[in-house]
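Q: Please see the structure below; I have some questions.
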Amino acid sequence: MHKTTSVCPVCLKRVPAVRVEREGRCYLEKTCPEHGAFSALVWQGSEALEDWTGPREEIGAEEGLRCLEDCGLCGKHLRNTCCTLLEVTDRCDLRCRFCFADNSQTQDPPLERVKGWIDDMVRQTGGTLLQLSGGEPTLRDDLPEIVTHAKKAGCPYVQLNTNGLRLAEDPAYLHALARAGLDIVFLQFDGITEAVYRALRGRELLGAKGAAVMACAEESVGVVLVPTLVPGVNTDQVGDIIRFGLAWSPTVRGVHFQPVSYFGRVPALPGDGERYTMGQLLDDIVGQTGGLIPRESLVPSACDHPLCGLHSGGNL
């Protein structure tokens, strides 16, 4: 179907790759001279891959040789920065089964260093959406001061990536964040049953998630629900998660589905049955909501590769 370039999953060396179609499924296939051949499912669903992506230019053997290392804003990928993710801690109070963060429990960077990072970012970008992440950023008691500094420095929106546990348990802390100018909570929210949280997070968390949403509503802080979708665990709850968001509108501003990525801390490399592709997510959003989210409102992301993201033209 298409020639491109990928990396060996073992040594990460750059290798030629092709996309092929077999029995309605699309695979990325590649061979490393040292570690052998690999095949990974990249698309399945009722939508044809080429209808979704449109025509794509093939990558030549000598093109983009250093894109993975130091591409930056080159001629082929020139974009203005719209969102900056800043990790303010490596610590976390969960040990989730799937996580691409390090969670090394090292000492937090000092407050003044974090402020300096924010100042540098604003000087270079003019101010962007700032995501405060980690680890679990709410383990920092000085997080409200970081939010205050970001807003004063010129960040128009400040978003907190969090599991929501402290927000649910410590109303004074959330109040301080709201007063500091926190705009959005990007809330880990994997489903509407405890079985999902036991499988993905190692403990029952549904009550804490609901309490965090309620607390944000009381402080007029917006929430985006962020489910990690894992086959056999919660892909059957896509529609229920959307309906939960609707029930909590306008506090809940949207749902940011993240099909599981098998890198970082994962139990094992996946087989095809353990992958969940964008095509499947398209079908499940439409099918599980009974058409509440119509297919025509779901379009590829305009700011990255069409296999990396989609969004709805409407709002919850």
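Q: Give the residue that is most open to solvent (accessible area, probe 1.4 Å), with candidates limited to residues of the range 13-24 that are in contact with a helix residue (DSSP H, G or I) (Cβ under 8 Å, 6 or more places away or on another chain) and within 21 Å of Y262 (Cβ to Cβ).
A: Filtering first and then ranking leaves R14.
Q: Give the residues of the range 97-132 that are within 22 Å of Q258 (Cα to Cα), open to solvent by 20 Å² or more (accessible area, probe 1.4 Å) and at pLDDT 95 or above, sorted by residue number.
A: Listed by number, the list holds a single entry, Q131.
Yes or no, residue by residue, for (1) of a type in the set (D, E); (2) crowded, with 20+ Cβ neighbours inside 10 Å:
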| site | (1), (2) |
| --- | --- |
| L205 | no, yes |
| V213 | no, yes |
| S220 | no, no |
| V224 | no, no |
| T228 | no, yes |
| P231 | no, no |
| D236 | yes, no |
| I242 | no, yes |
| G254 | no, no |
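Q: All but one of (1) modelled with pLDDT under 95; (2) more than 26 Å from C82 (Cβ to Cβ); (3) surrounded by 23 or more Cβ atoms within 10 Å (Cβ to Cβ); (4) not hydrophobic (A, V, I, L, M, F, W, C) hold for G135; which doesn't?
A: Looking at each condition in turn, G135 falls short on (2).
Q: So, restricting to strands (runs of 3 or more DSSP E) that lie completely within the range 1-78, which ones have at least 3 residues that are modelled with pLDDT of 90 or more?
A: The qualifying strands (runs of 3 or more DSSP E) are 14-22, 25-32, 36-43.
The values are calculated or read from the model by the stated rules, or taken from the named source; none is laboratory data. Keep in mind the model is a prediction, meaning the values are calculated, not measured. Note that we place each Cβ from the backbone using ideal geometry, even for glycine, and neighbour counts take in every protein chain shown. These accessible areas exclude ligands, DNA and RNA; they are computed on the full protein's heavy atoms, side chains included. Shrake-Rupley method; radii C 1.70, N 1.55, O 1.52, S 1.80 Å.
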